[in-house]
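Please treat every number below as a calculation from the coordinates, not as lab data. Here the structure is a predicted model, which is why all the values come from computation and not from measurement. We place every Cβ from the backbone using ideal geometry, glycine too, and count neighbours over all the protein chains shown.
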Amino acid sequence: MSDRTVDAPAAQAAARPGPVQIVAMVARGFAMGAADVVPGVSGGTVALVLGIYERLVTNIRTGASVLGHVVRLDVKGALARLREIEWLFLIPLLAGIGAAVLSLAHVIEVALEDHPVPMGALFFGLIAGSAILAWRMLESATAREVIVMIAVAIVAFFALGLTSGERTDAALWFVLIAGAIAICAMILPGVSGSFLLLAIGMYELVIDAVNERDLVFIAVFGIGCVLGLALFSSALSWSLENHHDLVMAALTGLMLGSLRVLWPWPVGTEDTGLAAPGEQWGLALVIAVVAFAFVVAVAEVARRYGQLEDAELHD
């Protein structure tokens, strides 16, 4: 990762965001939350498009390090690390995510059920555009990065086709693991947590636990989320700092491979096979192209806005 990227969070924190920047961060969080509600779409992808991905990972890693100090009973160290977190970045972002999940979950669920082909095409275009943006973030693309991208795309394409049947019950240790796996999608572009739960047969169990207020299940799942986020964010942040181009190439491949999940014409709801384009193919094509163009346009605006912010910080 370049020095400019590593120093960005510190520079942004020093600027202390004003009301407009905070509202903008809530809006970004809302966009991430809306994506997390949709099966097959990752909030991490939205964070990547909006230009806050690496900053988010860095702050999550800092928060994860607090757990290490707590385990060692190092209260002073834990407090010091807590002060390093950009709270005026994270709190508005989390508020936006929560607002989106609460307000849009039912709306998007109904849209997916009533208009599966247009919605599938919309998300297909969004992820395809995000993959292009991820590739453009490489500092120097060589044959090595191309090979990594293609290999990851192929593995992801076939791996995401291996869904298992829904479980009727699960041991608490497996619930813990499910939480750790699902939360990774929050910071990993290309795969949604809901789809990962579906792939390991835990989706309906988690939904039922939430609806029935199964506090033991929810608590164990939440602990798994915290542990998974702490471990994975640290590994991902280290990888971005030391092997930036390889990681971005792999993430690009992951997003390309995950397009399988969003193909508008699956063989069936319980099958991961892909059918040829059928009804509404013209509408689906238009929607996908518009969604692709929208992502690229938003990213360009975010890039220019970021350049303006950097210029203001240096003035």
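Residues whose amide H lies under 5 Å from that of L274, counting only those 5 or more places away or on a different chain, are V267; hydrogens are built 1.01 Å from N in the peptide plane. Our summary of shape: the Cα atoms of region 91-162 have principal axis extents of 44, 33, 21 Å, ordered from largest down, in whole angstrom. Sequence-ordered 3J(HN,Hα) estimates for region 66-71 from the Karplus curve with 6.51, -1.76 and 1.60 and θ = phi - 60° stand at 4, 4, x, 5, 5, 4 Hz, glycine and proline given as x. Taken over region 28-70, the alpha-carbon convex hull comes to 78 cubic angstrom per residue.
With the contact rule set at Cα under 8 Å and sequence spacing of 6 or more, what percent relative contact order holds for region 55-188? Taking the mean separation of contacting Cα pairs over the length of region 55-188, I get 15 percent. Packing here is the average count of other Cβ atoms within 10 Å per residue, and on that basis the peptides 21-34, 169-182, 78-91, highest first, run 21-34, 169-182, 78-91.
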